[in-house]
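Before any comments, here is the structure.
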Amino acid sequence: MPRTNPHLEDGGGVGDVFGPSHEARGWQAGYDAGIGSPHGVPATPLVRVGGFMDAFAEGAAAGSTDGAAGGWRLWAVREEGPGAVTRPPGTEPVDSGETGDAAPNFPLAWPGVGPLPLLPMLTHSAPEAHAAWTTQLAGLALRRALAAQGDPGRLYLPVCLQPEHSLTGDAVLDAGYWHGTVSGSFGTAGREAAEHALVRVPHFPGLVRYRPEDDHNFWEWLPLAQGDLTLP
């Protein structure tokens, strides 16, 4: 736990012109869905590529098993639009190692899964990555890119979950969320999130924190402790 995508060898490297296989992408999409579905293994979507569907079913079963054994990752910033999020029942305090002191403005960290918040980080860290890697395997591509740069540190992305942001230009913005600048500094990203919070009401800003742990699309949501952060 967590287990490795068994179809990764079917695709090339992050910079490979052909990108990953349908099976590799299907398995990862299924795993992400499964580890965020405590009420049962999610249904397989109907797509034209049979290999994707079969691998999705395998990944969904694996994610469901891992979620039951190691904890569900319910928090997700979804592609279908802002506000489609679920608050997990358990939260963890942000470790004081972020700044050397306690982090009163970002006191909690909620585990999350999904490629969408990782896409700006991947564009920042590996702009040469093939577009196919950004659909379901952003976490894998990001971890490999940071490893190649000799940088195993953390990345932060200020994000606002308030809907109806009209800016466009990348996948996160096109889904209706605002996001700021990718940074390796907790303090820099935190200040940008706080500045955004001052100009939008109501607002649900915070930080997406990525820590290279494995090949999955795992990250954490650090909500800004300001105002009412109760989400739908």
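Read-outs: derived from the displayed coordinates by stated rules, not from any lab. Small disclaimer: the values here were computed from a predicted structure and weren't measured. Heads up, the Cβs are rebuilt from the backbone with ideal geometry, glycines too, and the neighbour counts pull from every protein chain shown.
If I take R0 = 22 Å and measure r between the Cβ atoms of ASP170 and VAL49 in this structure, what FRET efficiency does the formula 1/(1 + (r/R0)^6) give, to the nearest 0.05? Let's see the in-between values first.
Numbers: r = 25 Å, r/R0 = 1.16.
With R0 = 22 Å, the Cβ-Cβ based efficiency is 0.30.
Can you give me the long-range amide H partners of TYR177? Hydrogens built in the peptide plane at 1.01 Å from N, cutoff under 5 Å, separation of 5 or more residues or another chain.
none
Please give the net charge around GLY139, taking every other residue with its beta carbon less than 15 angstrom from that of GLY139, where Lys and Arg add +1 and Asp and Glu add -1. Let's see the in-between values first.
Numbers: positive: ARG3, ARG25, ARG73, ARG143, ARG144, ARG154, ARG209, ARG211; negative: ASP32, ASP66, GLU213, ASP214, ASP215, GLU220.
Result for the neighbourhood of GLY139: +2.
Quick check on packing: order 214-223, 22-31, 48-57 by the mean number of other C-beta atoms within 10 Å, highest mean leading.
Working: 214-223: 22.7, 22-31: 27.0, 48-57: 17.8.
Put in order of decreasing packing, that is 22-31, 214-223, 48-57.
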